[in-house]
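The structure appears right after this line, and notes come after that.
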Amino acid sequence: MEKREQVYEGKAKIVYRTDDPERYILYFKDDATAFNGLKKGTISGKGELNNRISAHFFALLEEHGIPTHFEKLLSPREMLVKKVTILPIEVVVRNIAAGSLAKRLGLAEGTPMRRPVLEFYLKSDELGDPMINEYHIYALSLASEDELKTLADYALKINSILSAYLAERKLELVDFKLEFGRTAGGAIILADEISPDTCRFWDAETKEKLDKDRFRRDLGGVEEAYQEIWRRLS
């Protein structure tokens, strides 16, 4: 597989073309941002860890019938993925109150939800990724009714799979963000990444935060938290 020109650079990854028009290469960076880019820094080794962790989760989800863009690891920081058009919708699943949900609803952080909470956000750095609902999605033609149902069904199934898998490793899946893409044939598949950048992971016993909240909140031990997630998975 020949790596060609850069297509896009985001906050955490760089996308490259390949000699196959239906395959891209994702390169995972050590750059870290929070609060819509207002806080910036570097987490040493993050790119390599997020690449490996994402590949691990994608392979697990494929085994359970969730289609993803992941094909294979190419190097410690690179993975080969299928070409997709990313939907401008971020799908968030919340199992425990934390972050913005706790603030919006006046809940103490750590309050368990009686059932998973599913939320949609417009993928727009310029607007600060505002929360939207199905009416906004249809009015803006971001996805069809069938596609939105697929997003919701996949997100809740992914939540069930990952929550059970992580519980066996003494981890709680507090909440997480997913992104999906359309293939050339119109199929909806899981894309982007699943990592401590996009999920909140807590130790099931101590409730220690093992994710990017350690960077957001200046808690220290950021690199060690990412390493601990990979240690428990591998």
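Below are the figures for this structure:
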item	result
Peptides ranked, highest mean first, by Cβ atoms within 10 Å: ranges 208-215, 180-187, 160-167	208-215, 160-167, 180-187
Two-decimal log10 I(q)/I(0) for the chain, as the Debye equation yields it once each C-alpha is a single scatterer, q = 0.07, 0.10 Å⁻¹	-0.21, -0.45
Over the chain, relative contact order from alpha-carbon pairs under 8 Å, at least 6 apart, %	18 percent
Ranked VAL84, VAL117, criterion: other C-beta atoms within 10 Å, fewest first	VAL117, VAL84
For GLU126, GLU228, GLU134, order by how many other beta-carbon atoms lie within 10 Å, fewest first	GLU126, GLU134, GLU228
Value at 222 nm in deg cm²/dmol, rounded to 500, when DSSP H runs of n ≥ 4 in the chain each add -39,500 (n - 2.57)	-9000 deg cm²/dmol
Magnitude of the charge dipole, the chain, Cβ model with Lys/Arg +1 and Asp/Glu -1, debye to 20	400 debye
Spatially proximal lysines relative to LYS157 (Cα-Cα < 21 Å; intrachain offsets below 8 disregarded)	LYS149, LYS170, LYS177
Summed residue charge, Cβ within 14 Å of GLU145's Cβ, Lys/Arg positive, Asp/Glu negative	-3
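Since every read-out is calculated from the coordinates, none of them should be taken as a lab result. This is a predicted model, so every value here is computed, not measured. FYI the Cβ positions are ideal-geometry reconstructions off the backbone, even for glycines, and counts take in every protein chain you see.
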